[in-house]
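Novice: Following this message is one structure expressed as C-alpha cells.
The values are calculated or read from the model by the stated rules, or taken from the named source; none is laboratory data. Predicted model, so just to flag it, every value in this text is computed and none were measured. Note that we place each Cβ from the backbone using ideal geometry, even for glycine, and neighbour counts take in every protein chain shown. Keep in mind that these areas ignore ligands, DNA and RNA; they rest on the heavy atoms of the full protein, side chains included. Shrake-Rupley method; radii C 1.70, N 1.55, O 1.52, S 1.80 Å.
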2 protein chains.
Amino acid sequence: MIRLYHDWVPTKVDHEERRHQIAEAVVRIAASRGLQAASMREVAAEAGVSLRLVQYYFHTKQELLAWVLAYLGQQLGRRMTRAVAAQPASPRTFLYAALTALLPTDEESRRIVLAYAAHFTLTLTDPDQEPGLSYANALRDLVAERFGQARVNGDPSTKAAIALALVSGLQLSVLAGQHTGEEAVALLTSHLDEAFRTPGAA
Amino acid sequence: MIRLYHDWVPTKVDHEERRHQIAEAVVRIAASRGLQAASMREVAAEAGVSLRLVQYYFHTKQELLAWVLAYLGQQLGRRMTRAVAAQPASPRTFLYAALTALLPTDEESRRIVLAYAAHFTLTLTDPDQEPGLSYANALRDLVAERFGQARVNGDPSTKAAIALALVSGLQLSVLAGQHTGEEAVALLTSHLDEAFRTPGAA
DNA sequence: ACAGTCATGATACGGCTGTATCATGACTGG
DNA sequence: CCAGTCATGATACAGCCGTATCATGACTGT
C-alpha cells in the first residue's frame, strides 16, 4: 500500500550540509582550474565523495551550478553584512565597508569572486541569465539610498551605479593580477573620497 | 634533394584572411552561445569550412584561441583609434572618445566585448594569463598621460586606473543587461565630468 | 613532364562528459 | 520482523571532444 502522507524527516545526513560541502568543492575547482574543469567527476573527487553522491544531491549539472551560484551570492552577502555591522552607520563608512567587502582582498574572497566571475561569464550567453540581476539591482538601490543619505551633489542613483561598476572592474583587475587587493581598496577609497567631496556647490 | 632555401610564396589562398574568417566564426559563436560552445567542429561549421581546414590553419585549439584573443584586442584597438582620430586632440575629448569606444554600444562592439570577456575569464585560471596584461598596462599609461596633460588634481595614474576599471565594470553591466549602452556612456561621461572638474584646488 | 609541396577532404581513435541503471547496506514505521 | 525508503556504490552508455592519419587534387619550379 502506498503511503500518501509520508512526513519524512531527512534523518541520517544533513542534505543541506552535503550540498554545501559539494558546492565548496566546485568553488575550489573553479577558482584554481576554472569552471570548465568542474566536471561531475572532478567535483566528486574534490569533495571526496562518489560521483553518484553528486548526482544524488543535485540531479543534474545545471542544478548543481545554479546552487553554487546561489551559494556564492549568499557568501558575498554575508561578507558584506559582517563588514557593515562592524562599522558605525554613517553613510560614508557604510559604503566604504560594504563596497570594500566585495573586493578580493584575501584568499577566501578571491576564491569567491573568481568563481563568481566564471559563473557570471557563463550566464552571459545562456538564455536564463536573469537571476543575478535582481540581486545586483537590490544592491544598487541599497548603495543609492546611502548616497542619498549623504549629501552628495548629483544623482545618487548615478553615483551608485558608477561605484558598483567600479567595484566590478576592480574585482576583475585584481583577479587578472593587474592590481593587488590593497591597491584596489586604495583606488576605491580614492574614488569614494572624490564622490563624497562636495565642491562649493549650492 | 632537399630544398634548403625554398622561398615559398603562399600562393592560392591568403592564409591571413582564412584565419580572419575562422576567427570571426569563433567570435560569433562565443557571443551567441558562449565560448564553451566553440568546439573545433562548431567553429568549422560556423565558418563554412571543413574541420580539417580549421586544424590546418590553427594546428591546435589553444593556438586558435590565442589567435582569436589577439584578433579581438586588435579590433578593440582599431575601434579606439578610429574614435580618437575623429576628435580634436584635447585631453578631455580624447579620453571621452577613447573610453567610450570600449563600451558595447552597438552590435559589433557587443560581440567583441562579449567574446573578449569570455576569453578573459578563461585566462584567469590558465597558467599563461599574462599576455593581456601588457596591453592593459599600456592602455593605463596612455590614459594616465592624458589625465596628466589635463590639469586634474590628484594622481593621474590613480585616475587612469579608476577610469579603466570603471569601463570594465560598465562593459560587464551592459553585457549582463543591467544597463543599456547609452546608459553606460552616460555613466562614464558623468564620471569623467566629475574627474575633470577641478574644485577650488590650488 | 615530373617531383614536390600546398591545400583540402574523409574518417578513425582514445578519452572524457553527463546521465542512467542496477545493486545493496542502513534504518525506518507499523 | 518485515516491507519500504534513504543513502550510497559500481558500472554502463551514448555522444562529443581534440587530434591524428590517410588520401588526393591543384599548382609549382626546374
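Novice: Scanning for something more than 15 Å from the chain's Cα centre (by Cα) and not aromatic (F, W, Y), does the stretch A:96-109 turn up at least one residue?
Specialist: Scanning the stretch A:96-109 turns up at least one residue that is more than 15 Å from the chain's Cα centre (by Cα) and not aromatic (F, W, Y).
Novice: Here is a further query. How about the stretch B:95-125: which of its residues are over 23 Å from B:A85 (Cβ atoms) and more than 7 Å from every other protein chain (Cβ to nearest Cβ)?
Specialist: Listed by number, the residues that qualify are B:A115, B:H119, B:F120, B:T123.
Novice: Among A:A163, A:A117, which is the only one that is under 26 Å from A:A89 (Cα atoms) and outside any loop (DSSP other than H, G, I, E, B)?
Specialist: A:A163
Novice: Consider the stretch A:108-140. How many of its residues are touching a residue at least 12 places away in the same chain (Cβ under 8 Å) and farther than 29 Å from B:D126 by Cβ?
Specialist: 2
Novice: Of all residues in the stretch A:58-81, count the ones that are more than 9 Å from DNA strand C (Cβ to nearest atom), open to solvent by 30 Å² or more (accessible area, probe 1.4 Å) and away from every other protein chain (no Cβ under 14 Å).
Specialist: Qualifying residue count for the region: 7.
Novice: Then there is this: Modelled with pLDDT of 95 or more, open to solvent by 20 Å² or more (accessible area, probe 1.4 Å), within 11 Å of chain B (Cβ to nearest Cβ) and within 14 Å of the chain's Cα centre (by Cα) - does that describe any residue in the stretch A:155-164?
Specialist: Scanning the stretch A:155-164 turns up at least one residue that is modelled with pLDDT of 95 or more, open to solvent by 20 Å² or more (accessible area, probe 1.4 Å), within 11 Å of chain B (Cβ to nearest Cβ) and within 14 Å of the chain's Cα centre (by Cα).
Novice: Of the numbered conditions (1) over 26 Å from A:L35 (Cα atoms); (2) aliphatic (A, V, I, L, M); (3) more than 22 Å from the chain's Cα centre (by Cα); (4) within 16 Å of DNA strand C (Cβ to nearest atom), B:A47 fails exactly one; give the number of that condition.
Specialist: (3)
Novice: Next question, about the same structure. In this structure, does A:D141 turn out to be more than 10 Å from every other protein chain (Cβ to nearest Cβ), under 15 Å from B:H179 (Cβ atoms) and among the acidic types (D, E)?
Specialist: When the stated conditions are applied, A:D141 passes them.
Condition check ((1) modelled with pLDDT under 95; (2) outside any helix (DSSP H, G or I)) across all residues:
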| site | (1), (2) |
| --- | --- |
| B:R146 | yes, no |
| B:N153 | yes, yes |
| B:G169 | no, no |
| B:P199 | yes, yes |
| B:A202 | yes, yes |
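Novice: Hey, among the residues in the stretch A:44-54 that are within 12 Å of DNA strand D (Cβ to nearest atom) and assigned to a helix (DSSP H, G or I), which one's most open to solvent (accessible area, probe 1.4 Å)? Break it down into steps so the answer makes sense when it comes.
Specialist: Quick first cut of the stretch A:44-54, residues within 12 Å of DNA strand D (Cβ to nearest atom) only: A:44-45, A:47-54.
Still in the list and also assigned to a helix (DSSP H, G or I): A:44-45, A:47, A:51-54.
Details: A:A44: 3, A:A45: 71, A:A47: 14, A:L51: 56, A:R52: 139, A:L53: 48, A:V54: 0 Å².
So, considering only residues that are within 12 Å of DNA strand D (Cβ to nearest atom) and assigned to a helix (DSSP H, G or I), the one most open to solvent (accessible area, probe 1.4 Å) is A:R52.
Novice: Within the stretch A:144-154, how many residues are touching a residue at least 40 places away in the same chain (Cβ under 8 Å), aliphatic (A, V, I, L, M) and away from chain B (no Cβ under 11 Å)?
Specialist: Result for the stretch A:144-154: 1.
Listed here are the residues, each with its yes/no results for (1) modelled with pLDDT under 95; (2) buried (at least 19 other Cβ atoms within 10 Å of the Cβ); (3) in a helix (DSSP H, G or I).
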site	(1), (2), (3)
B:R18	yes, no, yes
B:A31	no, yes, yes
B:E42	no, no, yes
B:Y56	no, no, yes
B:A83	yes, no, yes
B:A89	yes, no, no
B:T93	yes, no, yes
B:P104	no, yes, no
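Novice: Let me ask something else about it. Looking at the structure I just gave you, is B:E194 at pLDDT 95 or above, more than 18 Å from the chain's Cα centre (by Cα), part of a helix (DSSP H, G or I) and farther than 17 Å from B:G73 by Cα?
Specialist: No: the conditions fail for B:E194.
Novice: May I pose another question? Looking at B:D7, is it more than 13 Å from DNA strand D (Cβ to nearest atom) and at pLDDT below 95?
Specialist: no
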